[in-house]
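Worksheet for the structure shown next.
The values are calculated or read from the model by the stated rules, or taken from the named source; none is laboratory data. Bear in mind that the values here come from a model prediction, so they are computed numbers and not experimental data. When we count neighbours, we look across all protein chains shown, and the Cβ atoms used for this are built from the backbone with ideal geometry, even at glycine.
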Amino acid sequence: MSDERTVLFVCVENACRSLMAEAFFGREAPKGWSGRSAGTEPAPSPNPRTAPMLKEVGLSMPTHPPRRLTEEMAQEADRIILMGCLDRPSCPAFLYPRVDEDWELPDPGPLPDAGFRSVRDEIGRRVGELVRRL
């Protein structure tokens, strides 16, 4: 059994916000911690702007495609951070009692590049705060 602890980042599509949070956390994670991400309604592929936006800040995309949140993922996570999906019908009931924080960030997908960058930068800031608290 691994002693590694996990933060699970959850959004709707696992195409932008949660992938970016996983990438930021991967760079800053304290010893013994790792990050994962998933979506309640995963997209077929990441948003095409996510990788270039991460590259602008020296990060690479996580290597997995968008994936569906499972109850097992939630049970195994030590911390669960929502990007802003608790108000959607797709948010599964098993997730509600386990959520540690909901960052309530807008989906950057439909935003212009400046808005996408703003959400990305806010995710980076919040991941930094989370890392300091762990």
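Looking only at residues of region 1-59 that are modelled with pLDDT of 95 or more and acidic (Asp, Glu), we find that the one that is surrounded by the most Cβ atoms within 10 Å (Cβ to Cβ) is 22. Selection of first residues in region 8-28 that are touching a residue at least 60 places away in the same chain (Cβ under 8 Å) and of second residues that are of a type in the set (Phe, Trp, Tyr) and surrounded by 24 or more Cβ atoms within 10 Å (Cβ to Cβ), restricted to Cβ pairs under 7 Å at least 6 apart or on distinct chains, gives the following pairs, ordered by first then second residue: 18/9; 21/9.
In the set (1) part of a loop (DSSP other than H, G, I, E, B); (2) in contact (Cβ under 8 Å) with a residue 40 or more places away in the chain, the condition left unmet by residue 44 is number (2). The residues of region 1-50 that are touching a Leu at 6+ places or on another chain (Cβ under 7 Å) and either at positive phi or among the basic types (Lys, Arg) (or both), listed by number, are 17, 27, 36.
To keep it simple, each residue is scored yes or no on (1) hydroxyl-bearing (Ser, Thr, Tyr); (2) surrounded by 17 or more Cβ atoms within 10 Å (Cβ to Cβ); (3) modelled with pLDDT of 90 or more.
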site: 83; (1), (2), (3): no, yes, yes
site: 89; (1), (2), (3): no, no, no
site: 93; (1), (2), (3): no, no, no
site: 98; (1), (2), (3): no, no, no
site: 110; (1), (2), (3): no, no, yes
site: 118; (1), (2), (3): yes, no, yes
site: 121; (1), (2), (3): no, no, yes
site: 127; (1), (2), (3): no, yes, yes
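Taking the criterion of being assigned to a loop (DSSP other than H, G, I, E, B) and over 14 Å from residue 6 (Cβ atoms), would at least one residue in region 92-102 satisfy it? Scanning region 92-102 turns up at least one residue that is assigned to a loop (DSSP other than H, G, I, E, B) and over 14 Å from residue 6 (Cβ atoms).
Do you know which residues across region 51-65 are among the hydroxyl-bearing types (Ser, Thr, Tyr) and in contact with a Leu (Cβ under 9 Å, 6 or more places away or on another chain)? Correct list: 60 only.
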